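FYI, it's all coordinate maths here, none of it is from the lab. Small disclaimer: the values here were computed from a predicted structure and weren't measured. Quick reminder, even Gly has a Cβ in these numbers, built from the backbone with ideal geometry, and neighbours come from all protein chains shown.
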């Protein structure tokens, strides 16, 4: 069964989070996702608050930029959230937007090397191992978590390029694809991920999560087009969806047919009714998606 989620966009003020998280829980939404975009809201703070305000809602951070965060700190944060809220938290790490990383004084010369070293160390720490490594970027000296999770949680990689998608297949437990990924892009990503999995000899499951830019309501098409134009993705065909629940469900199913396991509906930045959007996903779209 396809998992559906929605995004709490960081363009909303943090004080809106409680209402939206509780609305999501009451409506039966499966997953609520957060971004750690610079320089808006911290992913761990928002995720922990949403988890604390709800009882069943699953929460994902997509994504935490690895140049900004020491891997030991990320492991500590993830382990703590997993122990506090077992099975309800999904962590995604990725390169981050390079211009933002430059603004923060954290740009890496080789983002792929950094992500590879980071994923290997992070997943080992979350398995409860003691880690010593002296990589180009990740350096740990006999580091282990005092409170590792009882079972290591999945770690996703939020990536786009071919090298990074292969790396995700090799070294991550799943992959997060951005809203700039149409159905044929999902299929191509799956092939590249599987190439990486084959190289590493991995045979277990690998969850693919895809954001779907979504607008509904009387001005949906105009809002979707404005967002795509502003982001520079307006020339990519079959990207995003505007319309009623049936139209959105069909767009979700096209992504699933291409290889997505989870589709997270992303409202436009000017969504006039964020709580209503969450209810729309849970109460109107969900029943139409197998």
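Kirkwood's formula applied to the C-alpha pairs of the stretch 1-72 gives a hydrodynamic radius of 12.6 angstrom.
Seen against the Cα atoms of the chain and their longest principal axis, helix 245-258 is set at about 40 degrees. Spin-label model, residue 184 to residue 56: label points 7 Å out along the Cα-to-beta-carbon direction sit 4.0 nm apart. Kindly provide the helix-only [θ] at 222 nm of the chain, computed as the sum of -39,500 (n - 2.57) over DSSP H runs of four or more divided by all residues, to the nearest 500 deg cm²/dmol? About -12500 deg cm²/dmol. Per the Debye calculation on the stretch 232-280 with a single equal scatterer at every Cα and no solvent contribution, log₁₀ I(q)/I(0) for q = 0.23 Å⁻¹ amounts to -1.03. Let me know the shape class of the stretch 1-41, please: from the alpha-carbon gyration tensor, a ≥ b ≥ c as square roots of the eigenvalues, rounded when a/c is under 1.5, otherwise prolate if a/b is greater than b/c, or oblate. Taking the square roots of the gyration eigenvalues as a ≥ b ≥ c, the stretch 1-41 is oblate.
The slack between residue 97 and residue 270, meaning 0.36 nm per residue of separation minus the straight C-alpha distance, is 60.1 nm. Computed over the stretch 79-173, the alpha-carbon pair-distance distribution with 10 angstrom bins reads 16, 42, 35, 7, each value a whole percent. Measuring nothing but how far apart in sequence close Cα pairs (under 8 Å, 6+ apart) lie, relative to its length, the stretch 3-288 scores a relative contact order of 19 percent.
Working ranking of peptides 119-127, 82-90 by packing, defined as the average number of other Cβ atoms within 10 Å per residue, highest first, is 119-127, 82-90. Rg and Dmax of the stretch 1-121, both derived from C-alpha coordinates alone, stand at 14.8, 45 Å.
At a Förster radius of 41 Å, what calculated FRET efficiency corresponds to the Cβ-Cβ distance of residue 200 and residue 18, to the nearest 0.05? Efficiency at R0 = 41 Å is approximately 0.50.
With respect to the chain, whose longest principal axis is taken over its alpha-carbon atoms, helix 162-171 is tilted by about 60°.
Note on the stretch 3-288: Cα Rg divided by 2.2 N^0.38 Å, N the number of residues, gives 0.97. Residues in the stretch 181-196, backbone N under 19 Å from the label point at residue 2 (7 Å along the Cα-to-beta-carbon vector): list them, ranges by number please. Answer for the stretch 181-196: 181-191. Can you give me the angle between helix 183-200 and the longest principal axis of the chain, using Cα atoms only, in degrees from 0 to 90, rounded to the nearest 10? Approximately 20 degrees, to the nearest ten.
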